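First, the structure itself, so that you have it in front of you.
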Amino acid sequence: MEGLFSESDKDEIRQSFRLLHDTFGREVFIYKDAKKIIVSSDSTFNSVYGLANNGTQTIQYEPVQRSIKARIIYGKQQNETNFPGTNVGAELSEGQVRITVTKEDYDNFVKGAKRAEVDGEKFIFDSDPRPQGMFGPDYYSFVLRRAQ
């Protein structure tokens with residue numbers, strides 16, 4: 001059975017949404033847990049059993065972050081009763097923000113992230129990813145809350 005939209009029509013619609021995302025998206029920084037790097041300064045150090053033979057161990061943490069483009073919606077002073085894409089009056093309380101990222105950015109980096117920086121402010125991921133798109137998940141949205 002033939003669908004309402006041909007594949008070329010679907011691609012054209014996806015490109016239009018991508019143009020909107022690229023036009024209105026702003027740079028945000030996404031942070032994952034830092035990589036733990038253990039440096040041993042003694043060749044006889046055994047990492048399984050600890051500091052054998054008086055070996056020394058240094059732990060370094062390497063930050064893992066990436067800058068991506070996201071559409072940003074801030075909650076109003078008290079609440080936003082018409083949360084886009086819902087039929088009920090979901091609310092964004094003060095100090096919360098919703099970001100929307102592309103599927104590629106979600107798959108390549110955002111998945112599993114814990115923190116973000118939006119307009120110089122630190123935020124913590126406060127929701128599960130919400131897929132969005134007309135013909136499949138092309139974007140993912142998250143609600144973030146301001147870090148204390």
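For L92, are the conditions met, namely being at pLDDT below 90 and hydrophobic (A, V, I, L, M, F, W, C)?
yes
Quick one: count up the residues across segment 11-42 that are open to solvent by less than 90 Å² (accessible area, probe 1.4 Å), under 19 Å from V101 (Cβ atoms) and at pLDDT below 90.
Qualifying residue count for the region: 1.
Checking the condition crowded, with 17+ Cβ neighbours inside 10 Å and either among the charged types (D, E, K, R) or within 14 Å of the chain's Cα centre (by Cα) (or both), which residue from D128, D138, D107 passes?
D138
Another question about this same structure. Picking from V64, V97, which residue would you name as being touching a Leu at 6+ places or on another chain (Cβ under 8 Å), part of a strand (DSSP E or B) and modelled with pLDDT of 75 or more?
V97 is the lone residue from the list that is touching a Leu at 6+ places or on another chain (Cβ under 8 Å), part of a strand (DSSP E or B) and modelled with pLDDT of 75 or more.
Go through segment 102-148 and count every residue that is assigned to a strand (DSSP E or B) and touching a residue at least 60 places away in the same chain (Cβ under 8 Å).
Matching residues across segment 102-148 total 6.
Among the residues of segment 110-123, how many are under 20 Å from Y139 (Cβ atoms), within 9 Å of the chain's Cα centre (by Cα) and at pLDDT 90 or above?
Going through segment 110-123 one residue at a time, the tally reaches 4.
The values are calculated or read from the model by the stated rules, or taken from the named source; none is laboratory data. Everything numeric in this text was worked out from a predicted model, so none of it was measured. Don't worry about glycine lacking a Cβ; one is built from the backbone with ideal geometry, like all the others, and counts go over all protein chains shown. Keep in mind that these areas ignore ligands, DNA and RNA; they rest on the heavy atoms of the full protein, side chains included. Shrake-Rupley method; radii C 1.70, N 1.55, O 1.52, S 1.80 Å.
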